[in-house]
């Protein structure tokens with residue numbers, strides 16, 4: 001194994017180097033005659049007498065799928081086992097309400113469609129790994145070997161691959177939202193032809209397909225082989241993790257550098273940098289509009305003044321949404337970039353600390369998911385009105401002569417593009 005391959009192994013586990021002497025059912029039967037279930041089998045890699053820390057620090061810690069060793073358990077158990085269930089319930093309720101409100105007929109605008117897609121992606125990012133997080137951390141089964149093979153595959157798909165796919169889509173949707181708002185604010189004439197509902201729907205499909213293709217190799221890059229080992233004094237079937245032959249053929253270096261290089265560039269670096277730039281441009285445009293609004297107010301042009309105020313509310317709301325996104329995504333991008341540097345150029349990363357950082361940054365991403373609902377309620381008048389109409393008895397608002405039907409979610413007058421413009 002190449003020196004740089006070892007760095008990937010430190011991060012993802014040595015999937016191939018460790019073998020047991022018990023490989024088949026026959027060997028399993030034979031092994032029963034050679035080992036007592038309760039003997040100290042120091043020459044046999046059963047690790048039944050190891051503590052969790054001893055085992056995870058040993059060279060055999062990645063022999064089979066062991067959730068205890070994936071993240072520091074002292075951090076993972078309280079975050080994913082005790083706090084995450086409440087976040088899941090909050091996110092599911094909040095994002096379901098967002099989808100219900102935004103799917104109303106009078107709420108269907110290009111911006112609202114993107115916001116609804118973001119809510120769905122964020123919700124699915126939490127829903128897929130939730131059963132496994134409950135089983136492993138809430139119910140305290142993280143230390144047990146996971147089997148059979150199908151369960152190990154399901155753990156990998158539902159806890160890593162599929163959530164990464166939805167989260168990638170959410171990142172690109174956030175970028176699409178910011179670009180769309182920038183066009184509305186700074187290039188209003190172009191918005192009438194570019195930011196139409198059919199174009200937005202096509203964009204959503206393209207983003208979904210791209211996110212799926214980006215994660216497609218992860219469905220096939222490893223395989224789980226049933227293996228018999230000694231666990232806590234008795235023989236137990238576990239899942240031995242092996243990289244797929246096609247990955248070994250191109251080397252771990254080539255595969256992981258390609259995958260994470262693409263991810264750093266197109267999922268973290270470019271989107272986050274673009275969002276920072278767009279946020280600055282939108283803030284500057286909002287400040288300029290505010291100055292114009294003050295001038296119009298002095299000239300007693302109240303109608304135009306109101307339009308600028310509503311449009312500024314729109315821009316400010318989306319700036320807040322993007323800012324919350326950047327606060328939790330930039331740390332993930334930094335850790336991933338440091339990992340790439342440590343694995344390919346110079347070793348600068350302690351992977352125990354890196355795993356803690358990844359755990360914490362991922363956790364704060366989960367914390368950010370329910371926040372958008374609060375932002376919409378606090379900064380969008382029509383969202384509040386529609387929510388009250390749907391869920392609060394007696395809170396029926398009129399949509400006549402200046403009622404809420406004249407306003408989109410983003411608090412602005414409708415135009416021919418069904419959206420707000422300056």
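The values are calculated or read from the model by the stated rules, or taken from the named source; none is laboratory data. Just so you know, these numbers come straight off a predicted model, no measurement behind them. Cβ placement follows ideal geometry from the backbone for every residue including glycine, while neighbour counts extend to all protein chains displayed.
Against the numbered list (1) in contact (Cβ under 8 Å) with a residue 40 or more places away in the chain; (2) over 27 Å from residue 114 (Cβ atoms); (3) not in a strand (DSSP E or B), residue 180 comes up short only at (2). Name the residues in region 381-398 that are at pLDDT 70 or above and surrounded by 12 or more Cβ atoms within 10 Å (Cβ to Cβ), would you? 381, 382, 383, 384, 385, 386, 387, 388, 389, 390 - these are the residues of region 381-398 that are at pLDDT 70 or above and surrounded by 12 or more Cβ atoms within 10 Å (Cβ to Cβ). Considering each residue of region 325-337 in turn, none proves to be part of a helix (DSSP H, G or I), over 23 Å from the mean Cα position of the chain (by Cα) and modelled with pLDDT under 85.
Yes/no matrix, rows are residues, columns are (1) under 14 Å from residue 380 (Cβ atoms); (2) modelled with pLDDT of 95 or more:
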{"site": "77", "(1), (2)": "no, no"}
{"site": "81", "(1), (2)": "no, no"}
{"site": "84", "(1), (2)": "no, no"}
{"site": "102", "(1), (2)": "yes, no"}
{"site": "108", "(1), (2)": "no, no"}
{"site": "111", "(1), (2)": "yes, no"}
{"site": "118", "(1), (2)": "no, yes"}
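Within region 129-150, being out of contact with any strand residue (DSSP E or B) (no Cβ under 8 Å at 6 or more places or on another chain) and part of a helix (DSSP H, G or I) holds for 130, 131, 132, 133, 134, 135, 136, 137, 138, 150.
Return yes or no: is residue 169 under 24 Å from residue 280 (Cα atoms) and either surrounded by fewer than 23 Cβ atoms within 10 Å (Cβ to Cβ) or touching a strand residue (DSSP E or B) at 6+ places or on another chain (Cβ under 8 Å) (or both)? Answer is no for this residue.
Okay, residues lined up against (1) under 24 Å from the mean Cα position of the chain (by Cα); (2) under 18 Å from residue 338 (Cβ atoms):
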{"residue": "238", "(1), (2)": "no, no"}
{"residue": "245", "(1), (2)": "no, no"}
{"residue": "250", "(1), (2)": "no, no"}
{"residue": "253", "(1), (2)": "no, yes"}
{"residue": "262", "(1), (2)": "yes, yes"}
{"residue": "268", "(1), (2)": "yes, yes"}
{"residue": "272", "(1), (2)": "yes, yes"}
{"residue": "275", "(1), (2)": "yes, no"}
{"residue": "286", "(1), (2)": "no, no"}
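Before we move on, is residue 362 closer than 23 Å to residue 258 by Cβ, buried (at least 16 other Cβ atoms within 10 Å of the Cβ) and without any contact (Cβ under 8 Å) to a residue 40 or more places away in the chain? So residue 362 passes the test.
Among the helices (runs of 4 or more DSSP H) confined wholly to region 187-294, which include 1 or more residues that are surrounded by 15 or more Cβ atoms within 10 Å (Cβ to Cβ) and modelled with pLDDT under 90?
On the way: elements: 188-194, 197-215, 245-250, 252-262.
Passing ranges, in order: 188-194, 252-262.
Residue check: is residue 126 buried (at least 20 other Cβ atoms within 10 Å of the Cβ), without any contact (Cβ under 8 Å) to a residue 24 or more places away in the chain and either over 21 Å from residue 328 (Cβ atoms) or touching a helix residue (DSSP H, G or I) at 6+ places or on another chain (Cβ under 7 Å) (or both)? It is false that residue 126 is buried (at least 20 other Cβ atoms within 10 Å of the Cβ), without any contact (Cβ under 8 Å) to a residue 24 or more places away in the chain and either over 21 Å from residue 328 (Cβ atoms) or touching a helix residue (DSSP H, G or I) at 6+ places or on another chain (Cβ under 7 Å) (or both). Note on region 129-148: residues that are under 24 Å from residue 216 (Cβ atoms) and surrounded by fewer than 18 Cβ atoms within 10 Å (Cβ to Cβ) amount to 1.
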